[in-house]
Amino acid sequence: MAIDPELEVLLPVTVTSEPVTTNRNLTIGTILLVGSGAISGLSALVFNVIVARAGGAITYAIIGPLLSIGIVVSFLANGITYAVARQVALHPRHARHVVLSQGIRMWPLWALTAAIVALVIPIQHFLVLASPVPVALAGLIWIATIFGALPNAGAVGTSRLRLIAITMFGTTLVRLALGVVAGHTAFIADAALLASLAPVVLTAIILFVALGQKPAGSSHTQSEPPKARLGNASLIAAVASTALWGLWSTPLLLAKHDLAASIAGNFASAQLIVTGCMIVTGSVVTAFYGEIARRGGLLIVVGACATFLLMTCATVFLVVLGPFIVDHLYGAGFQVQRSWFLTFGVSGTAAACANYAMWVSWARHRQRVAVLCGLASSLVVEVAIVTATVATPDGLAIAPAAALLIGSLVALLIWGVRHVTGASTGEEPVPSPS
């Protein structure tokens, strides 16, 4: 099998550590990241509880959709991170060069970001808000998260899992502390968004400083930095990731627009709790991504099983205890139906697994056409579902799962047709550095 010229630079590299050591480090790093993700998800729950108790269901109906916009852009940032991290993983000695060059090559994404931020006033009207300030703050979170994705790519690509875990834990505490302050202010919505902005900026600064340090390992150095050439792929991956998590968050925006304010606030509390669980599963992608790009194989199956089991356990837990958590933690005015956690849990599991599958496809350069067509089909199906049916909480919550199910069938059909006809799968061989 021919080796892509861009990957030939890996062939002379000699890895001195044994595979057992690599697997042990990966296991330790995975535990750290999943643990930090669990702490991050728990802190997100605590943060939302503080804000919800201080403002009530109606105020939370305003904050929830704007926080979901921040969550969507975080996955857009993950799109940039994983796409660029793949090149960093292949050229760890030139991490800073790869990160900066990829950032420059993705200028259309920066233009798209500016265009989206310019939609502050239309978003304000759609969400029926009295002031554009909360939407503007959400726009600042969008910008900071996008730019922070580049130094994060350097850390992911060089498998600095401990650094990522420590940074995640530290900035999580910062957000939680600021959330306590936000709960005692007169402008709760604005203060809550500021509390979410500060950790994003802090994380970007820490990882950017760490980007200049060479990763430990082989003493092999290349004569000159490699030419980064995945700018277009990075852009496509980032937009695809945004579309997937936009599909997940669309019901929350529609709830604010179509449902009564108090119901929308309760709906947002359930959706954001499930989203916190999905933050944990996202740590699995982060932990496995670098090694999947280099080795693939059984790691792909292990990561898929971990993602599915984590979300399934979270769904069962929330179906049993979710209403109790909301009733006793969120305060008066909040009441969530048990069925909402079930439908959101099913949709969250589907979205988490789809997210993992998409990034495995990107890491290994396989079946991208089928994945993108499946995602596009899911978006079309969700739009059809929410426009053709009367808006109800359960109907909105299950819409992402139904859309992703049909999208998955479309992806499998396209894969089958391309396999039978012998069409190119879009595969690019990724040799093991060992």
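Take each of the peptides 48-61, 400-413, average the number of other beta-carbon atoms within 10 Å over its residues, and list them starting from the highest. Before the final figure, lay out each step's value.
On the way: 48-61: 21.9, 400-413: 20.2.
Packing order, densest peptide first, comes out as 48-61, 400-413.
Taking the Cα-to-Cβ direction at Phe317 and at Ala136 and moving 7 Å from each Cα, how far apart do the two end points lie in nm?
3.9 nm
Hey, if you drop one equal point scatterer on each alpha-carbon of the stretch 336-402 and run the Debye formula without solvent, what base-10 log of I(q)/I(0) do you get at q = 0.17, 0.20, 0.24, 0.29 Å⁻¹?
With one equal scatterer per Cα and no solvent, log10 I(q)/I(0) is -0.67, -0.83, -1.00, -1.19.
Quick query: amide H of Met106 versus all other amide H atoms, modeled in the peptide plane; which residues come in under 5 Å with a sequence gap of 5 or more or a different chain?
none
When the dipole is taken about the Cα centre of the stretch 282-380, and only Lys, Arg (+1) and Asp, Glu (-1) are charged at their Cβ, what size is it in debye, to the nearest 20? Present the calculation step by step, with values, prior to reporting the outcome.
Numbers: 6 positive and 2 negative charges, 89 e Å.
Dipole size: approximately 420 debye.
Could you please report the charge total around Ala153, scoring K, R as +1 and D, E as -1 over all other residues with beta-carbon less than 14 angstrom from its beta-carbon? Can you show the working numbers first?
Values: positive: Arg86, Arg96, Arg105, Arg160; negative: none.
Its environment carries a net charge of +4.
Based on C-alpha coordinates, I'd like the Rg and Dmax of the stretch 285-426, in Å.
Rg, Dmax (Cα atoms, Å): 17.9, 61.
When a/c reaches 1.5 or more, the comparison of a/b and b/c decides; with that in mind, is the stretch 94-196 rounded, prolate or oblate per its Cα gyration tensor?
Values: a/c = 4.42, a/b = 1.33, b/c = 3.32.
It is oblate, given that a/c is not under 1.5 and a/b is not larger than b/c.
Take the alpha carbon atoms of the stretch 150-185, find their center, do the same for the stretch 107-136, and report the distance between the two centers in whole angstrom.
25 Å
Any read-out appearing in this document is the output of simple, stated calculations on the displayed coordinates, not a laboratory observation. Bear in mind that the values here come from a model prediction, so they are computed numbers and not experimental data. Ideal geometry is used to build each Cβ from the backbone, glycine not excepted, and the neighbour counts take in all protein chains shown.
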